[in-house]
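> Okay, here's the structure, questions in a sec.
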Amino acid sequence: MEHKDINVILATDCGSTTTKAILIERRDDEYRLIVRGEAPTTVEAPFEDVTMGVLNSVNEVEELANRKLIDNSGQIIRPVSGDIGADIYVSTSSAGGGLQMMVIGLIRTMTAESAERAALGAGAIVMDVIAANDKRPTHEQIERIRRLRPDMILLAGGVDGGNIQQVVQMAELIAAAAPKPRLGMSYKLPIIYAGNKDAREAVKNTLGDKVELYLVDNLRPTLDIENLEPAREEIHNLFMEHVMAQAPGYKKLMGWTDAPIRPTPGAVGDMMKLVADEENIQVLGVDIGGATTDVFSVFRDSKDVPQFNRTVSANLGMSYSISNVFTEAGIDNVMRWIPFDMDERALRNQVKNKMIRPTTIPQTMDTLLFEQALAREALRLAFYHHKTFATELKGVQKKRTVSDTFDQSSEVAHTLVDMMSLDIIIGSGGVLSHAPRRNQAAMMMIDAFQPMGITQLAVDSIFMMPHLGVLAQVHKEAALQVFHRDCLIKLGTCITPVGLEKDGKKILEFEIEFPDGKTESGELKFGEMLLYPLGVDESAKIKLNPLRGFDVGQGKGKSFETTVWGGVVGIIFDGRGRPLNIPEDKNTRIQKLQDWMLTLKAYPEKIFK
């Protein structure tokens, strides 16, 4: 259909537990979200038909919007006829565990890491990365491939024209393992080869007819070039043809949709990339779920080219993985965010209670503060993992272990993540999107990500980004309009002078000119936070004069004027320095936390009395 003829859009996201449907309509010449419905996903027994959950969620949309969308035979009605049907229908999916892949390369920090970037960017969960130099004996690698049973394997290695012997050895590993696919036994496991083009015939001969082999362009044709798109595109195609085709009911669902079904994380990444490209900004996004935390970013490299990266911290989540967060962070790191005197045993019991009933939500203020303390640590650890992965291309081999990911003392070398140049942080996931007060979401993001300079903060209102990411394939304009008008809730702007000083020392002078013409001058002292109300879509002119040794984006001690945007929280001044250090003395720490939380109006004053 022509874009001008598309007036009603239906989109669904088939999650691992819940299927969410949204209805978008063009009203007054702009696209807006009308209603949202949800229902349990039905990919497992006894239903084993994903379309049942889809129809149940669309039924709820029907009732809320008073628009008939399903006919008597259980088909989605298209196109629109009066007040009946939708013009297009699109869907994403992470049901059945989403897309699970293994990655195999030669050198862990070069071709294997590029292959991992390609798989993550396509929306996959990377179960393991096997490399010729990963120190595991061959029999262990073969057993790992055989036991994990991924949906597909991405094989890479070597630059074009290089040695083919080692690439063939990695193909021999796969042949020896003879891996079986996770879903169904009626088809061969798909293998994507994206390595040295000269080794294609040898790889084909080695793997023979044991697997379904697909050849794409080398993702590292030379050491200084990374070409991920052909591999990502093939992953998407195979996700549709093989993985989704084997899952119960997906063949029927694929026949309904007007665009290819995409993995949910891949669609979120597509939306992040689209926004960064359209507005020429640098974006950091996070989706903190029950079992995993995904971090997305678009930063410019040394050649000023936008680079998209996604990481999955598969053991950091707020329900099923909450004990992993507690273990990885350590009790001291969690306790430092608790704004009252809490016994360590009580804290451990909170974690155990959550593990017993992982899907419950906090019923008391103490439990809410405890879960938000753990959320800060989950976000911090996932972000550190992301920074170690989102790097410039490596041409020199360097060993990195899992323990390095969480070693807070070591510097993250060559990372693309530059917080001073970051334009916006977008938070998503229940703990952020459904925080009782938006001010709490803003505070969690500031504490976890520690933005520098001037950074906008926002949250995804109802986790709509997967729907919009897949919609952008067929109607980019509609996806962007709904994203800005209904999906993104702007929290405000965080202004953080970077530097260190003694508590109570003045570090910044500022003057704000509000939309009504009123001006307000003030100063920020080290160790304090300030909040000034500024509404959604309102802007204010601001003069910043950092004292010597402090940088707000233009260099140490350099003053400048700029425009900042408001939101449901407002303008936040964070004078706690970078890196953020919480006082070690318990009484001082508790007093500071309470002061910051009350200043930002994150919690009612009475809870600390």
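We did not get these values from a lab; they are worked out from the coordinates using the rules stated. Remember, predicted model here, so these are calculated numbers, not experimental data. Here Cβ is always computed from backbone atoms with ideal geometry, including for glycine, and neighbour counts include all displayed protein chains.
> Starting from the amide H of Lys525, placed 1.01 Å from N in the peptide plane, find each other amide H under 5 Å away whose residue is 5 or more places distant or on another chain.
Ile507
> Relative contact order of the stretch 160-304, please, whole-number percent, based on alpha carbon pairs below 8 angstrom and at least 6 residues apart.
So the answer I get is 16 percent.
> Here is a further query. Can you spot the lysines whose alpha carbon is less than 30 Å from Lys188's alpha carbon? Ignore those fewer than 8 places along the same chain.
Lys135, Lys180, Lys197, Lys204, Lys210, Lys251, Lys252
> FRET efficiency for Thr327 and Glu605, Cβ-Cβ distance as r, R0 = 35 Å, nearest 0.05?
0.55
> Right, next: Convert each backbone phi in the stretch 141-149 into a coupling constant with the Karplus relation 6.51 cos²θ - 1.76 cosθ + 1.60 (shift: θ = phi - 60°), then list the ³J(HN,Hα) values in order as whole Hz, x for Gly and Pro.
5, 5, 5, 5, 4, 5, 7, 6, 6
> Please report the relative contact order for the chain, taking Cα pairs under 8 Å with a sequence separation of at least 6, and give it as a percent rounded to a whole number.
11 percent
> Hey, another quick one. How much length is gained if the chain between Thr18 and Lys556 is pulled fully straight, taking 0.36 nm per residue apart and subtracting their Cα-Cα distance, in nm to one decimal? Please list the in-between numbers first.
Details: separation 538, 0.36 × 538 = 193.68 nm, distance 4.90 nm.
Contour length minus the Cα-Cα distance gives 188.8 nm.
> Take Asp5, project a point 7 Å from its Cα along the Cβ direction, then tell me which residues of the stretch 62-98 have their backbone nitrogen under 20 Å from it.
Counting only backbone N, you get 76-90.
> Right, here's the next one. What are the extents of the Cα atoms of the chain along their three principal axes, listed from largest to smallest and rounded to whole Å?
If we take the Cα atoms of the chain, the spans are 72, 63, 49 Å.
> Determine the dipole magnitude for the stretch 29-85: charges of +1 sit on the beta-carbon of Lys and Arg, -1 on that of Asp and Glu, nothing else is charged, the reference point is the Cα centre, and the result goes in debye to the nearest 20.
Details: 5 positive and 11 negative charges, 35 e Å.
Here the size comes out at about 160 debye.
> Considering the alpha-carbon set of the stretch 168-222 alone, what are its Rg and its Dmax in angstrom?
Cα radius of gyration and Dmax of the stretch 168-222 are 11.6, 38 Å respectively.
> In sequence order, what are the phi-derived ³J(HN,Hα) couplings for the stretch 389-394 according to the Karplus relation 6.51 cos²θ - 1.76 cosθ + 1.60 with θ = phi - 60°, rounded to whole Hz, with x for glycine and proline?
With the stated coefficients, the stretch 389-394 comes to 9, 7, 10, 5, 4, 9 Hz.
> What does the charge dipole of the stretch 98-256 about its Cα centre add up to, to the nearest 20 debye, if the Cβ of each Lys and Arg holds +1 and the Cβ of each Asp and Glu holds -1?
With Lys and Arg at +1 and Asp and Glu at -1, about 660 debye.
> For Met464, what residues show an amide H to amide H distance below 5 Å, using hydrogens built from the backbone and excluding near sequence neighbours?
Here the answer is none, since no amide H 5 or more places off falls under 5 Å of that of Met464.
> Working out 0.36 nm times the residue gap between Asp160 and Arg136, then minus their Cα-Cα distance, what length gain in nm do you get to one decimal?
Fully extending the segment from Asp160 to Arg136 adds 6.0 nm.
> While we're on this one: At 0.36 nm per residue, and after removing the present C-alpha to C-alpha distance, how many nm does the segment from Thr588 to His484 gain when stretched out fully?
Result for the pair: 33.3 nm of gain on full extension.
> If you don't mind, there's one more thing I want to ask. For the stretch 85-234, divide the Cα radius of gyration by the Kirkwood radius and give the resulting Rg/Rh value with two decimals. Walk me through the numbers on the way to the answer.
Details: Rg = 15.4 Å, Rh = 15.5 Å.
Using only Cα positions, Rg/Rh for the stretch 85-234 is 0.99.
> Order these peptides, 517-528, 17-28, by their mean beta-carbon neighbour count within 10 angstrom, highest first. Working shown, then result.
On the way: 517-528: 14.2, 17-28: 19.6.
Sorting 517-528, 17-28 by mean packing, highest first, produces 17-28, 517-528.
> Determine which lysines satisfy two conditions relative to Lys606: a Cα distance under 19 Å, and not lying fewer than 8 residues away in the same chain.
Counting by Cα, and skipping residues close in sequence, Lys606 has these lysines nearby: Lys592.
> Which entries of Lys518/Lys541; Lys387/Lys505; Lys506/Lys558; Lys518/Lys556 have Cα-Cα distances beyond 20 Å here?
In this structure, Lys387/Lys505; Lys518/Lys556 lie more than 20 Å apart at Cα.
> As a test, work out the antiparallel percent of DSSP beta bridges whose residues both lie in the chain, rounded to the nearest 5.
65 percent
> Taking 7 Å along the Cα-to-C-beta vector as the label spot, tell me the Asp128-Met365 distance in nanometres, rounded to one decimal.
That separation, rounded to one decimal, is 4.9 nm.
> What are the residues whose amide H is under 5 Å from the amide H of Ile130, where those residues sit 5 or more places off or on another chain and H is modelled from the backbone?
Amide H neighbours of Ile130, under 5 Å, 5+ apart: Val103, Ile104, Gly105.
> For the pair Asp277 and Ser421, what calculated FRET efficiency results from E = 1/(1 + (r/R0)^6), where r is the Cβ-Cβ distance and R0 = 25 Å, to the nearest 0.05?
FRET efficiency, Ser421 to Asp277: 0.95.
> Among Leu432, Leu416, what is the fewest-to-most ranking by other Cβ atoms within 10 Å?
The order, fewest Cβ neighbours first, is Leu416, Leu432.
> Based on Cβ point charges of +1 for Lys and Arg and -1 for Asp and Glu, what charge dipole magnitude is obtained for the chain about its Cα centre, in debye rounded to the nearest 20?
Its charge dipole is roughly 1460 debye.
> With unit charges on the beta carbon (Lys/Arg positive, Asp/Glu negative), name the residue among Ser73, Gly522, Ile507 whose Cα is farthest towards the positive pole of the charge dipole of the chain.
Comparing the listed Cα positions along the dipole, Ile507 ranks first.
> Angle, helix 438-449 long axis vs. longest principal axis of the chain, Cα atoms, 0 to 90°, nearest 10?
70 degrees
> P(r) of the stretch 467-609 in 5 Å steps, Cα pairs, percent per bin?
Reading upward from the zero bin: 2, 9, 15, 16, 16, 14, 11, 8, 5, 3, 1, 0.
> For the stretch 173-178, what does the Karplus curve 6.51 cos²θ - 1.76 cosθ + 1.60, with θ = phi - 60°, yield as ³J(HN,Hα) per residue in whole Hz, taken in order and with x for Gly and Pro?
Per-residue couplings from phi come out as 4, 5, 4, 5, 6, 6 Hz.
> Which percentage, to the nearest 5, of the DSSP beta bridges contained in the stretch 78-181 is antiparallel?
Working: 1 of 12 bridges.
The antiparallel proportion sits near 10 percent.
> Would you report the distance distribution of C-alpha pairs in the stretch 3-95 as whole percents per 5 angstrom bin, up to the bin with the largest distance?
For the stretch 3-95, the binned pair fractions read 3, 15, 26, 25, 17, 10, 4, 1, 0 percent.
> With each pseudo-label sitting 7 Å past Cα toward Cβ, what's the Glu511-Glu143 distance in nm, one decimal?
7.2 nm
> Between Arg345 and Asp71, what FRET efficiency follows from the Cβ-Cβ distance if R0 is 45 Å, with the result rounded to 0.05?
That gives a FRET efficiency of 0.15.
> Still on this structure, please answer the following. Could you sort 367-379, 312-324 so that the peptide with the highest average Cβ count within 10 Å comes first and the rest follow in order?
By packing density, highest mean first, the sequence is 367-379, 312-324.
> Compute the helix-to-body angle for 586-599: its Cα long axis versus the longest principal axis of the chain, expressed 0 to 90° and rounded to tens.
Its long axis makes an angle of about 90 degrees.
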